[in-house]
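Reading through the structure tokens given below for one structure.
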Amino acid sequence: MQIESLKVFCDLTETESFTKAAQINHITQSAVSQQISSLERQFKALLIERSKKRFRLTREGQVLYDASKEIVQTYDRLHSQLQELKDIISGTIRVATIYSIGLHDLPPYLKRYLKAYPTVNIHVEYRRANKVYEDVLGNVVDLGLVAYPARDAKLEIVPLKKEPMVMICHPQHPLARNKSVKLSAMAGQKFVAFEPDIPTRKAIDKVLREHGVQVMPVMEFDNVETVKRAVEIDAGISIVPQTTTLQETSKQTLATLTIEDAELSRPIAAIHKKNKVLSTALKQFLAMLKEPNPA
């Protein structure tokens, strides 16, 4: 029996998916099945109730999972400590991020980090917010980057920064003559919104509601890039993170206005599973993400 087999079993238990367990460990689904079968033969016990539609461990499987988790975490801590003693920073970091952070906030940090630690591989996946949480909790990724982090007993939240939100509109829109705007000026305006389950949408709706401002939603999208494209064709106005508008503002395809009478800023955070053993590479990456934007 090898620690790798125990890790595969833990990943399978946490993700409840042979596909995801295979993805995490860079092996085939068939190899996952073979390793589980090998563990069952070794312990002479059935570990997974295969007759059930829903993934479920047997009592023996639960006992093995609890013990295996401790063994894998102890091994990870040992590996990390030995790396630190040798001043070695290497390995792979798996990151899931929402689109706006991945496209606009993360790139300068990646460039700086990879220049400092060229032997580290960083694999980035772009996800909707709910999928980022799912991937972190399922151990598919090491780290998630989200806005308006949601508290969860199984998650550790690492605050990174707050970024201002701004109103955007077409350069020929009547409001574009101003450098700033009050929320009341948006009343009755056609509004390009994020989809209802997006945390940024919920925050914007809350502020508008608190100020008694009703807009006219005309489109809803799940990412900031599509929202901006709709505003560029004058489909309506919108409110988005300021960092996502720099390119369009410089090209004058969008007008950006600060909001005078509301504290609208988007908190960004990193999330990882509680009690997760952080590799030296991941610790350094988190430390860099806490620093001011290197761009």
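Quick one: if you stick a label point 7 Å off each Cα along the C-beta vector at M219 and K161, how many nm between them?
2.8 nm
Got a sec? How would K161, K273 order by Cβ neighbour count within 10 Å, fewest to most?
Lowest to highest Cβ neighbour count: K161, K273.
How many nm separate the modelled label positions at K274 and R54, each set 7 Å beyond the Cα in the direction of the Cβ?
Each label point is offset 7 Å from its Cα along the Cβ direction, giving 2.3 nm.
In deg cm²/dmol and to the nearest 500, what is the mean residue ellipticity at 222 nm of the chain if only DSSP H runs of at least 4 residues count, each as -39500 (n - 2.57), divided by the residue total? Numbers along the way, then the final one.
Working: 10 runs with 120 residues, N = 295.
Mean residue ellipticity, 222 nm, calculated: -12500 deg cm²/dmol.
Is there a pair in K182/K206; K131/K190; K7/K283; K7/K290 whose C-alpha atoms are over 24 Å apart, and which pairs would that be? Don't skip to the answer; put the middle values down first.
Details: K182/K206 16 Å; K131/K190 30 Å; K7/K283 21 Å; K7/K290 30 Å.
Beyond 24 Å: K131/K190; K7/K290.
From the gyration tensor of the Cα coordinates in the stretch 254-295, what semi-axes in whole Å does the equivalent ellipsoid have, largest first, with each one equal to sqrt(5λ)? Walk me through the intermediate numbers first.
Values: eigenvalues 211, 41, 12 Å².
The answer is 32, 14, 8 Å, longest axis first.
If I model the stretch 37-175 as equal point scatterers sitting on the Cα atoms and use the Debye formula, what is log10 I(q)/I(0) at q = 0.14, 0.17, 0.20 Å⁻¹?
Summing over Cα pairs of the stretch 37-175 leads to -0.94, -1.16, -1.28.
Just add up the charged neighbours of T245: K/R +1, D/E -1, any other residue whose Cβ is under 12 Å from the Cβ of T245. Present the calculation step by step, with values, prior to reporting the outcome.
Values: positive: K228, K251; negative: E163, E225, E232, E248.
Counting the neighbours of T245, the net charge comes to -2.
Of (i) 0.97; (ii) 1.21; (iii) 0.91, which is the value of Cα Rg over 2.2 N^0.38 Å derived from the coordinates here?
Read-out from the structure maps to (ii).
Take the stretch 162-266, drop everything but the C-alpha atoms, weight them equally and run the Debye formula without solvent; then report log10 I(q)/I(0) at 0.10, 0.12 Å⁻¹ to two decimals.
Log10 I(q)/I(0), no solvent term: -0.22, -0.32.
Hey, can you grab everything whose amide H is under 5 Å from the amide H of S90? Only 5+ residues off in sequence or another chain; H modelled, so Pro and N-termini drop out.
When sequence neighbours closer than 5 places are left aside, the close amide H contacts are A281.
Once you keep just the Cα pairs under 8 angstrom separated by 6 or more residues, what percentage relative contact order results for the chain? Don't jump to the answer; show the numbers that get you there.
Working: 479 pairs, mean separation 67.3, N = 295.
Contact order relative to length: 23 percent.
Would you mind computing, in nm to one decimal, how far apart the modelled labels at K44 and K251 are, each placed 7 Å from Cα along Cα→Cβ?
6.9 nm
Give me the distance between the Cα centres of the stretch 205-267 and the stretch 79-135, rounded to whole Å.
Their Cα centres are 29 Å away from one another.
Which of the listed residues, Q42, A22, F55, is farthest toward the dipole's positive end in the stretch 3-85, when Lys, Arg count +1 and Asp, Glu count -1 at the beta-carbon?
So the residue furthest toward the plus end is F55.
So in the chain, what percent of DSSP beta bridges are antiparallel if you round to the nearest 5? Walk me through the numbers on the way to the answer.
Values: 21 of 39 bridges.
About 55 percent, rounded to the nearest 5.
Regarding the stretch 100-220, what whole-number volume in Å³ per residue does the convex hull of its Cα atoms give? Walk me through the numbers before you get to the answer.
Working: hull volume 18.2 nm³, N = 121.
Looking at the stretch 100-220, the number lands at 150 Å³ per residue.
Roughly how far apart, in whole Å, are the Cα centres of the stretch 1-25 and the stretch 165-187?
The two parts, judged by their Cα centres, are 51 Å apart.
Read the figures in this text as sums done on the coordinates, not as results from a lab. Source: prediction; values computed, not measured. All Cβ positions, glycine included, derive from the backbone under ideal geometry; neighbour counts span all protein chains shown.
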